[in-house]
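Reading through the structure tokens given below for one structure.
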Amino acid sequence: MATLNLQHIDKIYDNNVQAVFDFNLDVKDGELIVLVGPSGCGKSTTLRMVAGLEDISAGKLLLDGRDITATPAKDRDMAMVFQSYALYGHMTIYENMAFSLTLRKENPNVIHKKVMAAAEILGLTSQLNKKPAQLSGGQRQRVAMGRSIVRNPKVFLFDEPLSNLDAKLRGATRREILLLHKRLRATMLYVTHDQTEALTLADRIVCMSMGHVQQVGTPLELYDSPANVFVASFIGLPPMNFYDVRVSGDKLVGGGFQISLTQEEQHTLRAYQNKEITLGVRPENIVEGPDVPVTVSSNENLGMNTLVHGHIGDSKAASAKISAKLKGWRDYKVGDTASFTFNRKHFFDKETTNAIRGGEG
Amino acid sequence: MTAEERTIQRDRMRFIKNSLSSNLAILGILFNVFYFVSIYKSDVDTYYYNILIGASIVYNLVFMLAVFLSSEGVKNYKRNYSYLLAAIGALQIGRIFIIPMGAHTATTLVGGETVVVMQDGQFIRVLVYLIASAACLLASAVVNYIRCNELEAHLKSLGTQGA
């Protein structure tokens, strides 16, 4: 397999719109990197530049240390799986999977061996004589993956491969991709806007916004130590709650609530005394407690958990909204008063929106 | 070819159409088209071109339909179409002795002069077309028959039913 290095990559279109700004990433051999971000953040553009489907405006792309910035797509030894499958409707599954090798005029017996091996991996052996229209969306996507596998490329590129599937199939196909990665130990670049896919599949996640890389890290790092407000709000479901608070001694004072800081938190915020910061709290880090009075606006029982939505105090302002994911079954009624405590807090600089880490300032 | 390669080649037949047989059958149609176009060029007014050629037109239509259907059949390794193609191929040989041979030996009066209905050049040309057509159809039938047997044996060895 292969290593991939993206060095200071920019993408500027002819109309001077810049889609990607100074993208840097070192992909290790056999690593599964997920590019995640909202629509229009430049993740697909980045993937297409890696594939050779878009020109790189500035920067370098290295595959196994070899500069392939100007190499045509067909010579890059990469295989791409598209959201729309891109299968040939008039060909059987076997012919679809064999097509790229047939074009290369490989020995038919070799092609057969590779197609059968890929079909075995993907559980498509019994479908090989069918046409794509006879298969489900998940099976079609597996065929698209099979077409990539037979080529034995150095890098696999996935462009939102699960977006066309329903929720159940998406989960199943996601697990198949994960198994495939474990089995092939292939270097993979995967683009998605779905944070669940990113968190479950990735060895490392690249979170993007407006063409800029916001954070690169393991799923746990992005979840537990988001670099800024954007990453904190994008990763996690339900999303993190944010409040403007003032650091006042050993307390944080917000609109309608006041919470105590631990010694460690005070140390982290020592440079922000009497300043306003942004407090972030994940819904799953909220428990019932004495600190924050909440007026409940909805109560959603999910079985193991209950999602409680409401407003802090009596305020109806959007900035006072709160979502808490409480363990167990709760039965709050609309208008009930509850009281919560924040177990784990994230602090962000109000001006830069960057995370405030211990040891800073 | 090693035994393993042979096995792989047979296994491929489960997923690859029998294009060779199918294409040979289509080629058989093509040569037949050349044949009857060459026949109809003659402007000699004899019974060959009034009765037999009328029948020939009907036969050619049936021929093309049957061979085209057979070409699709052999593409999917259907053995029965081998028999049909072999029979049609044999008929193509038989046709040599109807119009071409008859017209080549018959004479007619043109401008008060007795001439052969089908001259040597035209006769040889249509003969070549008919023989080529027959050869293609017979080859298609034989190739399909052999492949059907191989595929059947391979499927039996795999313990599966049908291709």
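One table, with the values for the structure above:
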item: Whichever residue in the stretch B:2-16 is more than 9 Å from chain A (Cβ to nearest Cβ) and either closer than 11 Å to residue B:144 by Cα or among the basic types (Lys, Arg) (or both) and, among such residues, is surrounded by the fewest Cβ atoms within 10 Å (Cβ to Cβ); result: B:6
item: Any hit, the stretch A:300-321, residues being of a type in the set (A, V, I, L, M), at pLDDT 95 or above and in a strand (DSSP E or B); result: yes
item: Count of the stretch A:271-298 residues which are surrounded by 14 or more Cβ atoms within 10 Å (Cβ to Cβ), polar (S, T, N, Q) and touching a Ser or Thr at 6+ places or on another chain (Cβ under 9 Å); result: 2
item: Members of the stretch A:299-328 that are hydroxyl-bearing (Ser, Thr, Tyr), surrounded by 14 or more Cβ atoms within 10 Å (Cβ to Cβ) and closer than 27 Å to residue A:357 by Cα; result: A:323
item: Restricting the stretch A:105-117 to residues that are of a type in the set (Lys, Arg) and within 12 Å of chain B (Cβ to nearest Cβ), the residue that is nearest to the chain's Cα centre (by Cα); result: A:114
item: Enumeration of residues in the stretch A:327-345 that are of a type in the set (Gly, Ala, Ser) and either in contact (Cβ under 8 Å) with a residue 40 or more places away in the chain or farther than 30 Å from residue A:265 by Cα (or both); result: A:335, A:338, A:339
item: Restricting the stretch A:87-104 to residues that are surrounded by fewer than 14 Cβ atoms within 10 Å (Cβ to Cβ) and more than 14 Å from chain B (Cβ to nearest Cβ), the residue that is farthest from residue B:15 (Cα to Cα); result: A:104
item: Residues satisfying the stated conditions in the stretch A:195-220, i.e. aliphatic (A, V, I, L, M), within 13 Å of residue A:43 (Cα to Cα) and part of a loop (DSSP other than H, G, I, E, B); result: A:210
item: Conditions (1) farther than 30 Å from residue B:1 by Cα; (2) crowded, with 18+ Cβ neighbours inside 10 Å; (3) among the hydrophobic types (A, V, I, L, M, F, W, C); number of the one not met by residue A:133; result: (2)
item: Verdict on residue A:231 being within 20 Å of residue A:320 (Cβ to Cβ) and either surrounded by 14 or more Cβ atoms within 10 Å (Cβ to Cβ) or over 21 Å from the mean Cα position of the chain (by Cα) (or both); result: no
item: Complete set of residues in the stretch A:239-285 that are in a strand (DSSP E or B), more than 22 Å from residue A:227 (Cβ to Cβ) and in contact (Cβ under 8 Å) with a residue 40 or more places away in the chain; result: A:254, A:257, A:259
item: The stretch A:1-54: number of residues that are assigned to a loop (DSSP other than H, G, I, E, B), closer than 18 Å to residue A:73 by Cα and either in contact (Cβ under 8 Å) with a residue 40 or more places away in the chain or among the charged types (D, E, K, R) (or both); result: 4
item: Matching residues, the stretch B:17-39, being surrounded by fewer than 19 Cβ atoms within 10 Å (Cβ to Cβ) and within 14 Å of chain A (Cβ to nearest Cβ); result: B:17, B:19, B:20
item: Wholly enclosed helices (runs of 4 or more DSSP H) of the stretch A:67-184 bearing at least 2 residues aromatic (Phe, Trp, Tyr) and without any contact (Cβ under 8 Å) to a residue 60 or more places away in the chain; result: A:93-103
item: Condition met for residue A:47 (touching an Asp or Glu at 6+ places or on another chain (Cβ under 8 Å) and farther than 11 Å from residue A:5 by Cβ); result: yes
item: Within the stretch A:1-38, tally of residues that are exposed (fewer than 15 other Cβ atoms within 10 Å of the Cβ) and either among the aromatic types (Phe, Trp, Tyr) or touching a Phe, Trp or Tyr at 6+ places or on another chain (Cβ under 6 Å) (or both); result: 1
item: Filter result (under 18 Å from the mean Cα position of the chain (by Cα) and part of a loop (DSSP other than H, G, I, E, B)) within the stretch A:185-194; result: A:193, A:194
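The values are calculated or read from the model by the stated rules, or taken from the named source; none is laboratory data. The model shown is predicted, which means the values in this text are computed figures rather than measured ones. Every residue, glycine among them, receives a Cβ derived from its backbone with ideal geometry; neighbour counts consider all protein chains shown.
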